[in-house]
1. Going through 171, 162 one at a time, which residue ends up being farther than 19 Å from residue 291 by Cα and either modelled with pLDDT of 90 or more or within 23 Å of the chain's Cα centre (by Cα) (or both)?
2. Could you grab the pairs with beta carbons closer than 6 Å, sequence gap of 6+ or different chains, first residue in segment 216-233 and more than 25 Å from residue 353 (Cα to Cα), second one among the hydroxyl-bearing types (Ser, Thr, Tyr) and in a helix (DSSP H, G or I)?
3. Quick check on this structure: which one of 71, 55, 31, 42 is among the charged types (D, E, K, R) and closer than 14 Å to residue 8 by Cβ?
4. Go through segment 37-60 and give me each residue that's hydrophobic (A, V, I, L, M, F, W, C) and not in a strand (DSSP E or B).
5. What pairs come out if I take residues in segment 332-355 that are in a loop (DSSP other than H, G, I, E, B) and pair them with residues that are surrounded by 12 or more Cβ atoms within 10 Å (Cβ to Cβ) and among the hydroxyl-bearing types (Ser, Thr, Tyr) whose C-beta lies under 8 Å away, six or more apart or interchain?
6. Given the criteria at pLDDT below 90 and acidic (Asp, Glu), does residue 182 qualify?
7. In this structure, is residue 28 in contact (Cβ under 8 Å) with a residue 12 or more places away in the chain, in a loop (DSSP other than H, G, I, E, B) and at negative phi?
8. Output yes when any residue across segment 230-244 is surrounded by fewer than 21 Cβ atoms within 10 Å (Cβ to Cβ), closer than 25 Å to residue 177 by Cα, among the small types (Gly, Ala, Ser) and at pLDDT 75 or above, and no when none is.
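The values are calculated or read from the model by the stated rules, or taken from the named source; none is laboratory data. The shown structure was predicted, so the numbers you read here are calculated from the model rather than taken from an experiment. Note: ideal-geometry Cβ built from the backbone for every residue, glycine included; neighbour counts use all protein chains shown.
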Amino acid sequence: MTVPAETVTATGTLFDGRSARPNPVTLRLGERLEITGAGLREDWNPFDIRAGETEPPTMRIGLAGNPVRVEFTDRALAEALVARCPDLRLDDEARGGVLRLVLWSIAAGVSVLLVAIYGVPVAAGILAPLVPQPVESRFGLAVDGQVVSLLGDPPLCAEPAAKAVLDRLVARMTKGAGLPGDPVVSVRRHKVANALTLPGARVIVLSDILAKAETPDEFGGILAHEFGHVAARDPTRAVITAGGVSFLLSLVLGDLTGSTVIVGVGQAAISAGYSRDAERAADAYGVAMLIRAGGDGAALASILERIDAEADAEGSLTGFLHSHPYTKERAAKIRSLAGGTRPDKPLLSKEDWQTLRGICPAEPRTPAKPATTPL
């Protein structure tokens, strides 16, 4: 059985929120607060009553979202309101301000993400062709050092005779290609079959590619594919995109030191997952370049399939196959572009091919420590 609340009565002054004129009223607090006066009647739910800031013994009350305010000095009514109005001291304006701040923060975060997902790639596509070649070359050199560091500082492979063969092969393949800048191809000792294209026509070949290539034309196909990305300036576009996205994320995460941007750019250079259209374009460019240089245009398909098969057998995925398991479709398209013709001889002689494959000399063995004679 619910016991009816004791009625508390007092007098006060009502302000209607439209004028400064005071209106004498009588307040009766029971289950609800009734306010009556000359031509006035208010009926308030105790759960909606809020108290304003005043100096005792005056108390000012009103309804949430309502401009009407009532002031009184009766202590008994004040104590009864405190007991019966659970949200009497709730600051709706402060709560609303926090809510608005949270909502605006969420909206700003969503806006940043939308710009990162859709706006930055579009802007990168526009900006990449406009970057002056000297600027891109310096940028590529800086990214090269960062990428090498992220890869664990693999040693540079530059056995003189093999490097000379590589330089002649690159010159032969890129002659008349109209690439933006002179290609710089380096080889680094690494156990992953991968090739990385950086801004400024820089290509890093990881040595396991040479180990997996069975013919010079297969290796040439890998180089030609990477030169296709150089021609389209895909690396510059990818790095600009990563830098822009990382910068936006740094704003969201509060990292304004630049570390987010640095890591993002380096990772983009290592694992630039180009779109399928970009990969198809690089494949087509590579086939045409390889055929023009006198090589087997279909050789790129062969090495892609072999790397893919080895990756499946090992349960891993090498970095070069960005579009796995799209490899079969790529290989079929490459062979279609290459046609059925085959050159009479490979890109390199047997001697030059063996020399090139030795560009990373065998790692020196650590001498065994001599046995010590116990004292």
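1. Values: 171 fails: farther than 19 Å from residue 291 by Cα.
The unique qualifying residue is 162.
2. Listed pairs, sorted by first residue: 231/285.
3. Numbers: 71 fails: closer than 14 Å to residue 8 by Cβ; 55 fails: closer than 14 Å to residue 8 by Cβ; 42 fails: closer than 14 Å to residue 8 by Cβ.
Just a single option satisfies the conditions, and that option is 31.
4. Filtering segment 37-60 for residues hydrophobic (A, V, I, L, M, F, W, C) gives 38, 40, 44, 47, 49, 51, 59.
Scanning segment 37-60 gives 38, 47.
5. From residues that are in a loop (DSSP other than H, G, I, E, B), the pairs are 346/215.
6. Numbers: at pLDDT below 90: yes; acidic (Asp, Glu): yes.
Criteria met by residue 182.
7. Working: in contact (Cβ under 8 Å) with a residue 12 or more places away in the chain: yes; in a loop (DSSP other than H, G, I, E, B): no; at negative phi: yes.
In short, no.
8. yes
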